[in-house]
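Pasting a structure here, questions to come.
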Amino acid sequence: MSIQLDTYSTRYERIQHLLKWKKYKEASEEAMALIREEPEDADAYSMLAQVFWKMDKYEEAHHWCGEALRRDPENQLAWFVKCISYYEQKKWNELKPALAEAMRVDPYEPFYYYLQADILNQKGRYQEAKEQLLQALELNPEDAGYLALMSYIEAQMGHFRVSKELEEQALRLESESDNVFLYLAWAASRRGDYDQEIILLGNAIRLAPDEKQIRDEYLEALQKNYKLYRIVLSPVKLIRQLKPWQILVSWMLAVILFKPLLIVFIILYIATHWLTKLLVHVKIFGWRLK
Amino acid sequence: MSDRNDLDQHRRNKLKVIRFDKDDNKLVETDKPKETFADVGGLEEVKKKIRLNFILPLQQPEVFAAYGREAGGSLLLYGPPGCGKTFLARAVAGEINANFMHIELQAILSMYVGESEHNLHDIFEKARENKPCVIFIDELDALGGNRNQMRQHHERMLVNQLLLELDGLQSFNDQVFVIAATNTPWYLDSALRRPGRFNHLIFVPPPEEAERETILGLKLAGKPMGKLELERIAKDTRMFSGADLEQIVRDSVESALERMLKSGNIEPITQDDLKKAAKNRKATTLDWFATAKNYATFSDVNQDYQNVLEYMKAHGLR
């Protein structure tokens, strides 16, 4: 019996090692071997699901989560992988019930509150997002990722000073997470602090140059290095501080009173956008296609 | 002269190739590889560097001593998978007049805390006992990952142990050479890249056209073949790694076997078999280059990977 346990824990450790090294093919082989050895062990199936999730093979991940949950309906890892897979697939309808069940099974997992906060933030329901995130922070107050998201939410709500304080807290806790830098960069952009945005995205891209989203955000942020682009962006900064009805009224007034100037401004904005995009491209990639 | 050659050959026959067997959990000796640099197609720059830093200092220590150069050091080979890094290491073992230790790090890992470090130390101690010795560490990124990204203390300990052993080599400072290979040098802990450790980076690119033709010839050797124009296949397989070419040959063999099963006779591998196999496969190196380009463009603080960008530019890769 002890030999079997040893083999099990060895395999389990090896799978975790292989996942950390991003050797997913080897990890899946080890997980399959574990399933062959322990065919009724739900953890073995949920580990395989975890490997497939890391490989972005969501359908396979869901399948193996299902196998794990058939054997153990309250398997925490399986619910975790299920939820995060739905989240990354942006399957909000499926995510909602899965998240509810996952939180019932594991009510002290802060990541679920974080997921909910992120979804609410994307929908513009900032106050509700903040409430969810506060619960995550209560369970894990020193998670830089949660603080970074909170900084972003506070910036969205116009609480710039609080957002800045949260940024400092997050950076004190974690200085090697591309995700943290990304959220903090968004918060900085929301506050109109473009210099800080570029610094934060520069750190994010140094850590994860392979992430397309970070690359795109970084290149876009570099455009803000150009003063002309910042000038044409300044009305956008002002508009963000207005409520929707205020934006509509301002737009109608602008059309009536300043129509020719408005057209000139729009042309100028588009031209500046593309010119600075070209300048950034040449600076980073030279005179060749990406 | 012939006495000296005989003596040399006799000494080479006594040299050991040692590897860590994960099933037995101990160091075992194996046969010395028969491959030498002559079997490695292309990579002339890489071979030149290895000759200069590893092979010649052993053969002519007095010459190098005159320049104040000691025999020894370390080298990091990096590049896309399947392009000959491990094969090159075997060729070094065949070429060099030194013992050769091949370490696969996944093999030395143990579930018991502290045992992996112990295994690693044993390997380096064994190397020191068997000087001159070349230690080849395959998949260095599996061991020497960035410690900042490691949450577990015992994972960081293994990187620390490796750093200690490399620095230990400096203080002993005689005739122990370390070659490491990795597909992902950007994942390595920055401490591994400091002078005295793996600060010599060598990019091992995919084979060029002539080399691809050679590799195809070697892989097809001994198999029933029709009239083949390997230069055309080599031309159509730009950026293919050695492993990709091997797969093409396997696919062609499969096609020939299928015909054999139908006809009942030995069917030679035809040009069409190779063409079809090449068409159905994509170069696996392209993914590596896409990743490498991002690291080289956005995350290359020390300008270590600029030659990758130059290579990509020279070969029209976006």
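The values are calculated or read from the model by the stated rules, or taken from the named source; none is laboratory data. The model shown is predicted, which means the values in this text are computed figures rather than measured ones. All Cβ positions, even for glycine, are placed from backbone atoms using ideal geometry, and neighbour counts span all protein chains on display. Surface areas here come from the heavy atoms of the whole protein model, side chains and all, with no ligands, DNA or RNA. Shrake-Rupley method; radii C 1.70, N 1.55, O 1.52, S 1.80 Å.
Could you list, in sequence order, the residues of the stretch A:239-281 that are modelled with pLDDT under 75 and exposed (fewer than 11 other Cβ atoms within 10 Å of the Cβ)?
The answer is A:241, A:243.
Here is a further query. For residues in the stretch B:279-292 being more than 9 Å from chain A (Cβ to nearest Cβ) and assigned to a helix (DSSP H, G or I), which is most open to solvent (accessible area, probe 1.4 Å)?
The qualifying residue most open to solvent (accessible area, probe 1.4 Å) is B:279.
Further question: Looking at B:120, B:163, which is the one that is closer than 25 Å to residue B:202 by Cβ, at pLDDT 75 or above and surrounded by fewer than 18 Cβ atoms within 10 Å (Cβ to Cβ)?
It is B:163.
Could you check the stretch A:23-52 and list, in sequence order, the residues that are within 14 Å of residue A:13 (Cα to Cα) and of a type in the set (D, E, K, R)?
Within the stretch A:23-52, A:23, A:26, A:29, A:30, A:43 meet the criteria.
Another one. Confirm whether residue A:58 is touching a Ser or Thr at 6+ places or on another chain (Cβ under 8 Å) and open to solvent by 40 Å² or more (accessible area, probe 1.4 Å). Spell out the reasoning first.
On the way: touching a Ser or Thr at 6+ places or on another chain (Cβ under 8 Å): yes; open to solvent by 40 Å² or more (accessible area, probe 1.4 Å): yes.
Taking the combined requirement at face value, the residue satisfies it.
Let me ask something additional. I'd like the residue in the stretch A:34-45 that is open to solvent by less than 50 Å² (accessible area, probe 1.4 Å) and either modelled with pLDDT under 90 or in contact with a Lys or Arg (Cβ under 6 Å, 6 or more places away or on another chain) (or both) and, out of all such residues, is nearest to the other protein chains (Cβ to nearest Cβ).
A:34
If only one of B:235, B:223, B:219 is at pLDDT 90 or above and in contact with a Pro (Cβ under 9 Å, 6 or more places away or on another chain), which one is it?
Exactly one of B:235, B:223, B:219 is at pLDDT 90 or above and in contact with a Pro (Cβ under 9 Å, 6 or more places away or on another chain), namely B:223.
Something else: Is it fair to say residue B:294 is under 26 Å from residue B:190 (Cβ atoms) and either of a type in the set (Ser, Thr, Tyr) or at pLDDT below 90 (or both)?
no
Restricted to the stretch B:124-144, and to residues that are farther than 17 Å from residue B:73 by Cα and open to solvent by less than 20 Å² (accessible area, probe 1.4 Å), which residue is farthest from the other protein chains (Cβ to nearest Cβ)?
Residue satisfying both the conditions and the ranking: B:144.
Give the residues of the stretch B:250-275 that are free of Cβ contacts under 8 Å to residues at least 40 places away in the same chain and either touching an Asp or Glu at 6+ places or on another chain (Cβ under 7 Å) or under 20 Å from residue B:286 (Cα atoms) (or both), sorted by residue number. I'd like the intermediate steps shown before the answer.
The initial filter retains those residues of the stretch B:250-275 that are free of Cβ contacts under 8 Å to residues at least 40 places away in the same chain, namely B:250-265, B:272-273.
Across the stretch B:250-275, the qualifying residues are B:252, B:255, B:256, B:259, B:260.
Of these, A:264, A:255, A:282, A:232, which one is out of contact with any Lys or Arg (no Cβ under 9 Å at 6 or more places or on another chain) and touching a residue at least 24 places away in the same chain (Cβ under 8 Å)? Please lay out each step first, then the result.
On the way: A:264 fails: touching a residue at least 24 places away in the same chain (Cβ under 8 Å); A:255 fails: touching a residue at least 24 places away in the same chain (Cβ under 8 Å); A:282 fails: touching a residue at least 24 places away in the same chain (Cβ under 8 Å).
Exactly one of A:264, A:255, A:282, A:232 is out of contact with any Lys or Arg (no Cβ under 9 Å at 6 or more places or on another chain) and touching a residue at least 24 places away in the same chain (Cβ under 8 Å), namely A:232.
Okay, residues lined up against (1) within 24 Å of residue B:267 (Cβ to Cβ); (2) open to solvent by less than 70 Å² (accessible area, probe 1.4 Å); (3) among the β-branched types (Val, Ile, Thr); (4) assigned to a loop (DSSP other than H, G, I, E, B):
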position: B:206; (1), (2), (3), (4): no, yes, no, yes
position: B:217; (1), (2), (3), (4): yes, yes, no, no
position: B:232; (1), (2), (3), (4): yes, no, no, no
position: B:235; (1), (2), (3), (4): no, no, no, no
position: B:247; (1), (2), (3), (4): yes, yes, no, no
position: B:250; (1), (2), (3), (4): yes, no, no, no
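From the list B:296, B:314, which residue is within 30 Å of residue A:204 (Cα to Cα), without any contact (Cβ under 8 Å) to a residue 40 or more places away in the chain, exposed (fewer than 13 other Cβ atoms within 10 Å of the Cβ) and not polar (S, T, N, Q)?
B:314
In the set B:309, B:274, B:257, which member is in a helix (DSSP H, G or I), open to solvent by less than 40 Å² (accessible area, probe 1.4 Å) and under 15 Å from residue B:220 (Cα atoms)?
B:274
Can you pull out every residue in the stretch A:61-71 that is open to solvent by 40 Å² or more (accessible area, probe 1.4 Å) and in contact with an Asp or Glu (Cβ under 8 Å, 6 or more places away or on another chain)?
Quick first cut of the stretch A:61-71, residues open to solvent by 40 Å² or more (accessible area, probe 1.4 Å) only: A:63-64, A:70-71.
Result: A:71, single match.
Would you pick out the residues in the stretch A:161-189 that are under 16 Å from the mean Cα position of the chain (by Cα), open to solvent by 40 Å² or more (accessible area, probe 1.4 Å) and more than 14 Å from chain B (Cβ to nearest Cβ)?
The answer is A:186, and nothing else.
Please verify whether the stretch A:176-190 includes one or more residues that are of a type outside the set (Lys, Arg) and more than 23 Å from residue A:217 (Cα to Cα).
For the stretch A:176-190, residues of a type outside the set (Lys, Arg) and more than 23 Å from residue A:217 (Cα to Cα): absent.
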